[in-house]
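See below for the structure under consideration.
The values are calculated or read from the model by the stated rules, or taken from the named source; none is laboratory data. Nothing here was measured: the structure is a model prediction, and the numbers come from that model.
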Amino acid sequence: MERDSPLKRRSVDSESPWVFPSATGTLRDPDNTRARIRQVVAGTPFEGLHPHDFRHYVAGVLDDAGLSAREIADYLGHERISTTQEDYMERGVVGEKAAPALATRPEVEEPENEG
């Protein structure tokens, strides 16, 4: 049986444009949001989840989908692409385009030794 969480009920019942609206449909205080999420995820595999983790998740999904850093930055509301690249995008993963580009580089001729 699926757990009927308050967050799930809110998403079904609310017409608010906010992800975590207050009871009146306005913006919720960030401290109250964090406290409510802690309550909802207590004792689940998601214990320790922070609201900001959702932004990282979305950035990762968009990155995996092939959106550019500029597109992801715009979606997240970052003025500088560097914020998105440094804080949100995966590092240490070689892109699919790197190996073929390096494999097809032209051969470099060695200079003749004039001596």
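Under 21 Å from the mean Cα position of the chain (by Cα) and in a helix (DSSP H, G or I): does that describe V61? Lay out the reasoning, then the answer.
Details: under 21 Å from the mean Cα position of the chain (by Cα): yes; in a helix (DSSP H, G or I): yes.
Answer is yes for this residue.
Being part of a helix (DSSP H, G or I) and modelled with pLDDT under 70 is the filter; apply it to the range 70-102 and report the residue that is nearest to D53 (Cα to Cα). Give the steps one after another, and end with the answer.
Residues of the range 70-102 that are part of a helix (DSSP H, G or I), as a first pass: 70-76, 81-87, 98-102.
Okay, now just the ones that are also modelled with pLDDT under 70, so 98-99, 102.
Numbers: A98: 29, A99: 31, L102: 35 Å.
Per the stated criteria, the residue is A98.
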